[in-house]
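A short worksheet on the structure shown next.
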Amino acid sequence: MIWDEPPVRLLLQKSNADVIIVSACAYGWDIYKRWAFASTFRYMQQLAAKCRHPEGSHAPVAGVQDSSGGYISQQTSEFPEPVASKSAAPVDVAPNQLLQLLPTKGQFDPPFAHQDGAGIFSVPDWSFPPSGAVDRLCQVRQALTAKLFEMKAPLRLREHVASKSEQPLFSDQEVSEFRAVFQEFLEASSGRKVGWSVKPHQPYALQALRQPDTSLFPSLLEGAPSGLAGITFQGRTFFYRVMPFGMSCSAYWWQRLSGFLVRTWHGGLLWLSHFLSSALDISACLILAFAAVFGVRLSWPKLQLGSSVVWIGWSLNYRAGTVQVTATKKEKLSRVLRPLLGEGRVELRDLQKALGLWAYCSGSRSYMWSCVRGCQFSMMTLLACLNDTLIFITVPLTSKRIWLRITDPQSRFRRLSKLSRKLLLFWHEWSQAYHFHECFHLPPRHLDCVMAADAFASGEELGIGGFIEISGSQPVFWFSERYRLSDFKYLDLPLHQDAQRDISCWETLAQAQVGLMLLFSHLCPGGRIRLTLPSFSDNTGAEAVCAKLLTTKSPLCFFAQLVAMVSTRLGISLDVQHISGERNEDADLLSRWDGIAPLAPLGEHWDLDMRYRFSVQDFFDQRHDVRLFPSDARLLWKLPR
């Protein structure tokens, strides 16, 4: 059954979808048949209809044939006219109007194109040659293409990739033939003899492309000095024969070499505008032939051919412009996190492994990386205040108590808080879930709306409130909640007895959790596109946390961690702007409303039907909201929770 497939259940959870049961008898069709729809369009709830007739009142259709020999159940794939009409009733946009609703990208609107790293004259779009470029390698390309077809290189390449052979694709004799093609062109264009010698300790045959410098400053005729790199061991000094990757000159050399290769492939070999799209195999053979001619080393067993490739744990689809974490990486992350989820202490080595792999997996999306940043605490600022025995000799730059204590720095065990374990559990569930492909073509979309939130605190009582006013929409969607510190006790947060001392935490809770991301996710469920929501806050601490998601101040750091988790789950980021308290009156009134007093002081536009309610568990336990309509309908499967 498709409803039990993991991707389907995950999609229901991520979109907070409604599962709507529709009985055929409720729409005038006297058969035993029910349909199940999943939708985030709340109007579809009106389609829900449960059969109220006694069991056996309707004729069965499963396995029953009609007079022509066909199965009657096939006819139920076409919905009755009343069902189709009622489901289409709220649609106010005709199909021919959809293209007109797409926003037009201005000349200076993001996203912006960038150079592809091959030099100032290179362009990111390889579907056409660089502007003003001359096809200087036409002779080489045509000669190489003829030889590649003659030796059936495209067919050999596919077999080579399928077998994951460790041997090179081309033999030494074939490489010599390729070099003869380049040699003929280079000698004719430069008028000098071309040599294919290779310098010791490096594989590249770059002497064939060497152009003698005759007009340099005399001190540079022998080459620019690059310095020496060496190490001293037992009184002896050893120097590198080659440039290691850690040296700056090595980085510059590799940048120039890779830039030369990319420019040559782009502007010389892959010239035609339709080349990559219509002749992928021959273009790949041209690149491999060029690499073989100049000695570019390749790992042949890792060679992949196609529009979708796997690279260091990422599945990249260049035709669709998407990326996805491979199943192997997710399984490894799940295996690393599993020992950290139990009770008691955890080993520091396991925690470091998890953080490293965690940072790797979160690299595809900036708002996922904020999950890692939100729980990092740097101790580097404390080093100047400690002596060799780790005793404080000076007071750190604060008059408050030290936010972190280590009883035994040499211990290989650490204790994790409940919220830290919740974060680890969040990532463990993420590693086991089905992941849809992430698209990087479009930046997060900014919505035209007004959003604001505020919080108040006094003694053991606190309140949060906020609203969303969407442009072109008449009602204002809002929330207003009152809590006591005892409601947060099960989280074991280091909160003060006076809630006012943690006002930045409550502002962050209102601004980033309930107030705007969770409220918006209820208004526009789905979460399949990235969004940036503009909002206002009159608290600088909450504003900074929402912008950077990094703080070492406790307990605000735990709320920053929570912001990152919700942002990752919903794909929503906040663009928080500062607003003075006197201009944030609406959100301030909502945060101070006790839920009992008349709504008159709040204004007439706060409709109770547009109010959304949230409990503390809704914030911190990451609940999904998948509902069944009618609520008493019988299912053969269980709703995902």
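Candidates are the residues of segment 304-341 that are without any contact (Cβ under 8 Å) to a residue 12 or more places away in the chain and assigned to a loop (DSSP other than H, G, I, E, B); the one that is nearest to K353 (Cα to Cα) is I312.
Considering (1) modelled with pLDDT under 90; (2) under 17 Å from L298 (Cβ atoms), the lone condition that A133 does not fulfil carries the number (2). Inside segment 13-56, residues that are of a type outside the set (S, T, Y) and in a loop (DSSP other than H, G, I, E, B) make up a count of 15.
For L148, indicate whether it is in a helix (DSSP H, G or I) and either within 16 Å of A292 (Cβ to Cβ) or modelled with pLDDT under 90 (or both). Against the criterion (in a helix (DSSP H, G or I) and either within 16 Å of A292 (Cβ to Cβ) or modelled with pLDDT under 90 (or both)), L148 qualifies. One residue alone among L186, L155 is at pLDDT 90 or above and either within 21 Å of A284 (Cβ to Cβ) or surrounded by 12 or more Cβ atoms within 10 Å (Cβ to Cβ) (or both), and that residue is L155. Could we say that G235 is modelled with pLDDT of 80 or more and exposed (fewer than 12 other Cβ atoms within 10 Å of the Cβ) here? So G235 passes the test.
The values are calculated or read from the model by the stated rules, or taken from the named source; none is laboratory data. It should be emphasised that the depicted structure is a prediction, and the values quoted were computed from it without experimental measurement. So basically every Cβ, Gly included, is an ideal-geometry build from the backbone, and we count neighbours across all protein chains shown.
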